[in-house]
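Have a look at the structure below, then the notes.
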Amino acid sequence: MSSYGIQVLAHLFGILAIILLLVWLLHYREGIDYDSENGLRVFNVHPLMMFMGFIFLSGEAILSFQTIPSQRQTKKFFHMTLHLISIILGIVGLSATFKFHNMMGFPNVYSLHSWIGIGTFCLFGLQWLVGFVTFMFPRAADRTRERVVPWHVAGGRALLFMAVCAAETGLMEKYGFLRVKSNLQPHQRESHLINFTGLAILLFAVFVDLSVSIRRYSL
């Protein structure tokens, strides 16, 4: 398969995951509203922002080096900007889950999902900061950038899959709650929708990663 074909599949699975997620949240799960008095609607901001805002934009930032027809420095600008937007939207998503827990009287940061998610988010912020200082401003020397770039690329790929791991554990955690609280059955449409959403998220990351593995690293 060509590099272009892999990029197209990455985009398609990312868009598919967003559509499935929106159908789930809007049709089956109360809707989305950060300022609502309904805690469930507040919570739904979290999965939307953490995938569409954080994982999807992060993947698109990685793909930007291949999909934006421009000079390398312009591609770097879009790469860093998309990552920055993903961080901002990720903060909104994290804030929503803390707000929901406080509204409902639930404990914070107790699950494997939350540990992986917060750890990934903190490392992602550090990765962005180091990348900005090294490659954008004030910008390190050529020799230093040459040494850092493989680690930067490898770190970005690892963080993408860590974020996907957080998303998948979050979906299963939510599914477990729905089984108990709402008597959601294994073969109901909503159960299948959750599974297909998780698969689309995973395949998005897989094809983003493949697009990176087949290109040469360059400054």
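The values are calculated or read from the model by the stated rules, or taken from the named source; none is laboratory data. Note that this is a predicted model, so its numbers are computed, not measured. Note: ideal-geometry Cβ built from the backbone for every residue, glycine included; neighbour counts use all protein chains shown. What goes into the accessible areas is simple: the full protein's heavy atoms, side chains included, and nothing from ligands, DNA or RNA. Shrake-Rupley method; radii C 1.70, N 1.55, O 1.52, S 1.80 Å.
Could you run through the range 89-114 and say how many residues are farther than 11 Å from VAL42 by Cβ, over 19 Å from the mean Cα position of the chain (by Cα) and among the hydrophobic types (A, V, I, L, M, F, W, C)?
Residues that pass the stated criteria total 1.
Yes/no per residue for (1) more than 23 Å from TRP115 (Cα to Cα); (2) open to solvent by 30 Å² or more (accessible area, probe 1.4 Å):
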position: ALA154; (1), (2): no, yes
position: VAL164; (1), (2): no, no
position: GLU168; (1), (2): no, yes
position: LEU171; (1), (2): no, no
position: GLN185; (1), (2): yes, yes
position: LEU202; (1), (2): no, yes
position: ILE214; (1), (2): yes, yes
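Can you tell me which residues in the range 80-139 are open to solvent by 70 Å² or more (accessible area, probe 1.4 Å), at negative phi and not hydrophobic (A, V, I, L, M, F, W, C)?
Correct list: ASN102, PRO107, TYR110, PRO138.
Against the condition out of contact with any Phe, Trp or Tyr (no Cβ under 8 Å at 6 or more places or on another chain) and of a type in the set (A, V, I, L, M, F, W, C), how does ILE55 come out, does it pass?
Considered against the rule, which asks whether it is out of contact with any Phe, Trp or Tyr (no Cβ under 8 Å at 6 or more places or on another chain) and of a type in the set (A, V, I, L, M, F, W, C), ILE55 comes out as no.
Take SER86 and tell me if it is over 20 Å from the mean Cα position of the chain (by Cα) and polar (S, T, N, Q). Outline the logic, then answer.
On the way: over 20 Å from the mean Cα position of the chain (by Cα): no; polar (S, T, N, Q): yes.
No.
Condition first: open to solvent by less than 50 Å² (accessible area, probe 1.4 Å), at pLDDT below 95 and either at positive phi or among the aromatic types (Phe, Trp, Tyr) (or both). Now tell me which residues in the range 52-79 satisfy that.
Answer for the range 52-79, where residues must be open to solvent by less than 50 Å² (accessible area, probe 1.4 Å), at pLDDT below 95 and either at positive phi or among the aromatic types (Phe, Trp, Tyr) (or both): PHE54, PHE65.
Anything in the range 91-111 that is over 17 Å from LEU57 (Cβ atoms), out of contact with any helix residue (DSSP H, G or I) (no Cβ under 6 Å at 6 or more places or on another chain) and not polar (S, T, N, Q)? List them, or say none.
Scanning the range 91-111 gives PHE98, HIS101, GLY105, PHE106, PRO107, VAL109, TYR110.
Just checking, which of LEU48, LEU20, LEU12, LEU25 is surrounded by fewer than 18 Cβ atoms within 10 Å (Cβ to Cβ) and modelled with pLDDT of 95 or more?
It is LEU12.
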